[in-house]
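Only one structure is covered here, and it is reproduced in the block below.
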Amino acid sequence: MRKRLALALALSTLLLGMVSLTLGPAGISLSDTLLNLTGRSVNASQQYIIFQLRLPRVLTAILCGTILGGAGAVFQAVLRNPMADPFVLGVSAGASFGVALSITLGYSAFLGLPFSALLGALATTALIFLVGTKHKVSQTTLLLTGVAANYILSAGMTLLMFLNHEQYDRILFWTLGSFTSSTWAQVLFMVLCVLLFIVPMRLSHTEMDMLLLDEGSALAAGLPLQKIRIVLLLLATFAVATCVAFFGVIGFIGLMAPHMARLILGPKHSKMLLPTCLFGSFLLLGSDTLARLLLPTGEMPVGVITSILGAPLFIWMLRKGRYAYV
Amino acid sequence: MLYAHYSKGARVMFNRFKSFVLILLVSIGILAPLLAQPLIEKNPQEVAKLSIVSLAPNATETLYALGVGDLLVGRTDYCTYPEEALALPSIGTLYNPSLEKLVSLQPDLAISTAFVSDELLLALENAGIEVLTLNLQETFGRTYTLIREIAQRVNKVKEGELIILTMQNQVKDVVEKARTMEKKRVYFMVDFGSFDGTATGDTYISEMLGMVGAINIAQEATRWTYSKELLVANDPDLIVMSKRWGQTEEETLKEFSNTKPYSDLRATKEGNLVFVDSDMISRQGPRSAAALELLAQAVHGDDWL
């Protein structure tokens, strides 16, 4: 079941990637795309659009989806809360605030956007961690802390945009997310990020299962709980911060992907982690393709689309009382 | 209880008295500024002369060109031309000006062209300040309307018509000369990077490009936005650049030519990136004809001279 699902997902993502390569405002036909991909095209600008604009974009969307989906699974396991996700808990907002602050104060060149994002994200994660891993903290408390963190950070973002109207468009970008300026350099960086995050995550699937049990059983199994929690959370935060630094805040993938995987495969991490990443890739690639198509000459922010897809799911889960793992 | 030794009736009386004092204090707080207002009357010599706060850089430029710059008592942060204007107190940016500061300058008239919120304009009218709103930036021709309206309001009709006539002559010369020149396919860069901004077909800058004999590759697009794919596909001969906020031209040029996909455009590789004074082009006013000529020079290069 798991292998077949993973294969189906990987193939669908690949197919969607191919379709995505032929779609966009420049209007390159399917046959022209195939000519370009097989290296038999003579049209230089078409070649450039496909290989330098669309292909990096498709790849970064896939890699970013992997990270966001995986990060969602990690947050849910570490905080023992099925509704947890870096977006819902304000970690993404923290990263984007870090970026916006560095643009506004003008130290972005000095620190670099990814590092500024990381600082913002780490601060938020630390807050969530302190609240979320306290003994007997209710799931609602954690979510509400996330809501509060999001409020504070979005107020901060609004303030920065207000004070710095000339940079409004640039700052707004970080709050909405977009893959429009993806480059091959970013693809490479994201591949590294995926390796650094997904491999350790996959390796610690037993520990993640244990984290879902009560502290007693995990300790009985001889697991140094707190250390694993911190390492996993740090890795996820680092990966998400990189995504935000490059592509802005993209919400709800970390919520949708793990739940889809769990619905089909159950909660065991050895089974659901990779499909989660694949679901994340597929969802984000699909959203980005839509973002490119919905407006004739401009672009729609991809974060808007993932939120439109993800927020209803979030509400449905809250209403259904799915506070437990499926 | 503190008042336990009073009778119940006395306590009620005392509480009523407290409420009364409170209401009185609050009313005084609200009414005092209203009552005090007539006391800050204007000086007699100032009353005779119209005093103006400009809420737009092009209105400021127009007033100076009409020779009535001395009527100005306030400006915005963006009103940077002519240099005399810099000596005036500023009320903030166009987006969040300070209403208090504006009112404290006690102008008779405020002139706004765009970006200023309706709420602010309403608040100004409520404060008894006349507001002249000239939202005319759809076409190049409306520049003359703007100058004419301001000229009429400050009783400088003759000076206004003279400026308009001079401008129209200069524009006619530029358009006629441009007609004889080779047409170039041009991209007018407003912003780049995460968001691609350009003078799309629905803007008057696009109209200006047409007047100087350029073909705007973003003619079909609308609302100042463009996509990287179309920029690459349409492959402009020339890119007209304006420097980014807070950067020098060199810094913008460096960033643009080191960022993909701009670094790979034919125009970038061949060094066909020219800067224009974006303030002059974006402000519809008395300098617009000169701006048109500058744009023509930028587009045609040495051929123009």
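The values are calculated or read from the model by the stated rules, or taken from the named source; none is laboratory data. Everything numeric in this text was worked out from a predicted model, so none of it was measured. Reconstructed Cβ throughout: ideal geometry from the backbone, glycine too, with neighbour counts over all protein chains shown. Only protein heavy atoms, including side chains, enter the accessible area calculation; ligands, DNA and RNA are left aside. Shrake-Rupley method; radii C 1.70, N 1.55, O 1.52, S 1.80 Å.
Give me the residue from the range B:254-273 that is touching a strand residue (DSSP E or B) at 6+ places or on another chain (Cβ under 6 Å) and outside any helix (DSSP H, G or I) and, out of that set, nearest to residue B:134 (Cα to Cα).
Result: B:273.
Can you go through B:180, B:145 and tell me which one is farther than 30 Å from residue A:167 by Cβ and in the same structural domain as residue B:236 (by TED's automatic domain parsing)?
B:180
Assuming residue B:233 fulfils every condition listed in (1) buried (at least 18 other Cβ atoms within 10 Å of the Cβ); (2) small (Gly, Ala, Ser); (3) in contact (Cβ under 8 Å) with a residue 24 or more places away in the chain apart from one, which condition is it?
(3) is the only condition that residue B:233 fails.
For the range B:92-141, enumerate the residues that are crowded, with 17+ Cβ neighbours inside 10 Å, over 15 Å from the mean Cα position of the chain (by Cα) and within 19 Å of residue B:207 (Cβ to Cβ).
B:140, the sole residue that qualifies.
From the list B:140, B:115, B:195, pick out the single residue that is of a type outside the set (A, V, I, L, M), away from every other protein chain (no Cβ under 14 Å) and not in a helix (DSSP H, G or I).
Sole residue among the options that is of a type outside the set (A, V, I, L, M), away from every other protein chain (no Cβ under 14 Å) and not in a helix (DSSP H, G or I): B:140.
Conditions (1) more than 14 Å from the chain's Cα centre (by Cα); (2) open to solvent by 10 Å² or more (accessible area, probe 1.4 Å); (3) under 30 Å from residue A:203 (Cα atoms), marked per residue:
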residue: A:20; (1), (2), (3): yes, no, no
residue: A:25; (1), (2), (3): yes, yes, no
residue: A:43; (1), (2), (3): yes, yes, no
residue: A:48; (1), (2), (3): yes, yes, no
residue: A:60; (1), (2), (3): no, no, yes
residue: A:70; (1), (2), (3): no, no, yes
residue: A:78; (1), (2), (3): yes, no, yes
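What is the number of the single condition among (1) in a loop (DSSP other than H, G, I, E, B); (2) on the phi < 0 side of the Ramachandran plot; (3) within 13 Å of chain A (Cβ to nearest Cβ); (4) modelled with pLDDT under 95 that residue B:232 does not meet?
(1)
Is there a residue being open to solvent by less than 10 Å² (accessible area, probe 1.4 Å), over 19 Å from residue B:297 (Cβ atoms) and assigned by TED's automatic domain parsing to the domain that holds residue B:273 anywhere in the range B:204-217?
No, every residue in the range B:204-217 fails to be open to solvent by less than 10 Å² (accessible area, probe 1.4 Å), over 19 Å from residue B:297 (Cβ atoms) and assigned by TED's automatic domain parsing to the domain that holds residue B:273.
For residue B:201, indicate whether it is within 14 Å of chain A (Cβ to nearest Cβ), assigned to a loop (DSSP other than H, G, I, E, B), open to solvent by 10 Å² or more (accessible area, probe 1.4 Å) and at pLDDT below 90. If you could, list the steps in order and put the result at the bottom.
Working: within 14 Å of chain A (Cβ to nearest Cβ): yes; assigned to a loop (DSSP other than H, G, I, E, B): yes; open to solvent by 10 Å² or more (accessible area, probe 1.4 Å): yes; at pLDDT below 90: no.
Against the criterion (within 14 Å of chain A (Cβ to nearest Cβ), assigned to a loop (DSSP other than H, G, I, E, B), open to solvent by 10 Å² or more (accessible area, probe 1.4 Å) and at pLDDT below 90), residue B:201 does not qualify.
Among the residues of the range A:154-165, is there at least one that is without any contact (Cβ under 8 Å) to a residue 24 or more places away in the chain, aromatic (Phe, Trp, Tyr) and within 14 Å of chain B (Cβ to nearest Cβ)?
Yes: the range A:154-165 contains one or more residues that are without any contact (Cβ under 8 Å) to a residue 24 or more places away in the chain, aromatic (Phe, Trp, Tyr) and within 14 Å of chain B (Cβ to nearest Cβ).
Restricted to the range A:176-217, and to residues that are crowded, with 22+ Cβ neighbours inside 10 Å and within 14 Å of chain B (Cβ to nearest Cβ), which residue is nearest to residue A:115 (Cα to Cα)?
In this case the residue turns out to be A:186.
Among the residues of the range B:266-284, is any open to solvent by less than 40 Å² (accessible area, probe 1.4 Å), more than 14 Å from chain A (Cβ to nearest Cβ) and free of Cβ contacts under 8 Å to residues at least 24 places away in the same chain?
Yes, the range B:266-284 contains a residue that is open to solvent by less than 40 Å² (accessible area, probe 1.4 Å), more than 14 Å from chain A (Cβ to nearest Cβ) and free of Cβ contacts under 8 Å to residues at least 24 places away in the same chain.
Consider residue B:202 against the criteria (1) over 16 Å from residue B:296 (Cβ atoms); (2) in contact with a Gly (Cβ under 8 Å, 6 or more places away or on another chain): it satisfies all of them except one. Which criterion is unmet?
(2)
Does residue B:245 satisfy the criteria of being more than 8 Å from chain A (Cβ to nearest Cβ) and either under 21 Å from residue A:53 (Cβ atoms) or hydrophobic (A, V, I, L, M, F, W, C) (or both)?
Against the criterion (more than 8 Å from chain A (Cβ to nearest Cβ) and either under 21 Å from residue A:53 (Cβ atoms) or hydrophobic (A, V, I, L, M, F, W, C) (or both)), residue B:245 does not qualify.
Look at residue B:57 and say whether it is at pLDDT 90 or above, surrounded by 13 or more Cβ atoms within 10 Å (Cβ to Cβ) and more than 14 Å from residue B:129 (Cβ to Cβ).
yes
Among the helices (runs of 4 or more DSSP H) lying completely within the range A:37-130, list those that include at least 3 residues that are within 14 Å of chain B (Cβ to nearest Cβ).
A:44-48, A:55-78, A:91-105
Are there any pairs with C-beta distances below 7 angstrom linking a residue in the range A:98-118 that is free of Cβ contacts under 8 Å to residues at least 12 places away in the same chain to a residue that is open to solvent by less than 60 Å² (accessible area, probe 1.4 Å) and assigned to a helix (DSSP H, G or I), with the two at least 6 apart or on different chains, and if so which?
A:108/A:102; A:108/A:116; A:111/A:102
Can you pull out every residue in the range B:145-192 that is assigned to a loop (DSSP other than H, G, I, E, B) and among the polar types (S, T, N, Q)?
Within the range B:145-192, B:155, B:180 meet the criteria.
Out of the residues in the range B:85-112 meeting the condition of being hydroxyl-bearing (Ser, Thr, Tyr) and within 14 Å of chain A (Cβ to nearest Cβ), tell me which one is farthest from residue B:52 (Cα to Cα). Steps first, answer last, please.
So in the range B:85-112, the residues hydroxyl-bearing (Ser, Thr, Tyr) come out as B:90, B:93, B:95, B:98, B:104, B:112.
After this cut, where a residue has to be within 14 Å of chain A (Cβ to nearest Cβ) as well, the list is B:93, B:95, B:98.
Values: B:93: 17, B:95: 19, B:98: 16 Å.
That would be B:95.
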